[in-house]
Amino acid sequence: MKTIVLLAALMGAVSAPVAAEAKGCIKGAIVGGVAGHVAGHGKLGAVAGCVIGHHEANKHQERDQQQDQRANQNRQGQ
């Protein structure tokens, strides 16, 4: 039963939009919590997943901003 609930929560988190500040944290916490639960450390896994997920989301956001800046520079140069 716990597995079904965790999988349902995971599917909901993956498909639901999240707030800008929590971007990556919620998804990472769910994935980390599931992995940590399997290893016997659910709360620790959730915290680590949140940190890693937030870090990854920031990297993606920074990359997207750099791509936007390059596109704007190319448009202005034409």
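Any chance region 7-14 includes a residue that's of a type outside the set (A, V, I, L, M, F, W, C), outside any helix (DSSP H, G or I) and modelled with pLDDT under 85? No; the residues of region 7-14 include none that is of a type outside the set (A, V, I, L, M, F, W, C), outside any helix (DSSP H, G or I) and modelled with pLDDT under 85. If you go through region 32-75 and pick out every residue that is within 19 Å of Ala22 (Cα to Cα) and among the charged types (D, E, K, R), you end up with 6.
Residue-by-condition table, conditions (1) modelled with pLDDT under 70; (2) surrounded by 10 or more Cβ atoms within 10 Å (Cβ to Cβ); (3) assigned to a loop (DSSP other than H, G, I, E, B):
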| site | (1), (2), (3) |
| --- | --- |
| Val5 | yes, no, no |
| Ala20 | yes, no, yes |
| Ile26 | no, yes, no |
| Ile30 | no, yes, no |
| Gly36 | no, yes, no |
| Leu44 | no, yes, no |
| Ile52 | no, yes, no |
| Asp64 | no, yes, no |
| Asn74 | no, no, no |
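Pairing residues of region 21-43 that are closer than 13 Å to His55 by Cβ with residues that are among the β-branched types (Val, Ile, Thr) and assigned to a helix (DSSP H, G or I), at Cβ distances under 6 Å and at least 6 apart in sequence or on separate chains, gives Gly28/Ile52.
The values are calculated or read from the model by the stated rules, or taken from the named source; none is laboratory data. Note that this is a predicted model, so its numbers are computed, not measured. As a convention, Cβ positions derive from the backbone with ideal geometry for all residues, glycine included, and neighbour counts pool all protein chains shown.
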